[in-house]
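As structure tokens, the structure follows; a few thoughts come after it.
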Amino acid sequence: RPFCPSCGAAADALAEGDSAGHGTVHAVTTVYRAPTEELRPLAPYTAVLVDLDDGFRVMGHGDSTLIVGERVGASLREFGGVTIPYFTRADG
């Protein structure tokens, strides 16, 4: 995003950080109508919002069986020519 959704600060004022990639699913949706021509062959796919243990929320893709409140872990996967976070159910 070009701005912080909480305070409205411009993107150049935002900080980047590293994450261990573990968190809890906040929201899940299945995308049936991809937003671009390049992504249409990849639909349907599952998009998730995850509250990371590191203190921030991130959007990524995930396993289609994920539900809100589940513990997940992230890996990186290529999707439509870019590398994105991909979340799967955390072990035990």
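For this structure, a couple of remarks:
- Loop-resident sites, the chain, for GluC sites (Glu not before Pro), counting at most 11 other Cβ within 10 Å (DSSP): GLU16, GLU37, GLU38
- Relative frequency of Cα-Cα separations exceeding 16 Å in the chain, percent: 59
- Centre-to-centre separation between the Cα atoms of the range 17-50 and those of the range 67-85: 7 Å.
- Computed magnitude of the charge dipole of the chain (debye, nearest 20; Cβ of K, R +1, Cβ of D, E -1): 340
- For ASP18 and ALA43, the FRET efficiency from 1/(1 + (r/R0)^6), where r spans their Cβ atoms and R0 equals 35 Å, is about 0.70.
- Among beta bridges from DSSP that stay inside the chain, the antiparallel ones total about 95%.
- Cleavage-rule hits, chymotrypsin sites (Phe, Trp or Tyr not before Pro), the chain, DSSP coil, Cβ neighbours within 10 Å at most 12: TYR32, PHE56
- For LEU49, the solvent-accessible surface with a 1.4 Å probe is about 50 Å², rounded to the nearest 10.
- Heavy-atom accessible surface of the chain: percent carbon and sulfur, 1.4 Å: 53
- The solvent-accessible area of SER64, taken with every protein chain present and a 1.4 Å probe, is close to 90 Å².
- For the residues THR29, THR83, THR46, a 1.4 Å probe over the protein chains yields an accessible-area ranking, largest first, of THR83, THR29, THR46.
The values are calculated or read from the model by the stated rules, or taken from the named source; none is laboratory data. Just so it is clear, the model here is predicted, and its values are computed rather than measured. Note that we place each Cβ from the backbone using ideal geometry, even for glycine, and neighbour counts take in every protein chain shown. Protein only, heavy atoms only, side chains kept; ligands, DNA and RNA dropped before computing areas. Shrake-Rupley method; radii C 1.70, N 1.55, O 1.52, S 1.80 Å.
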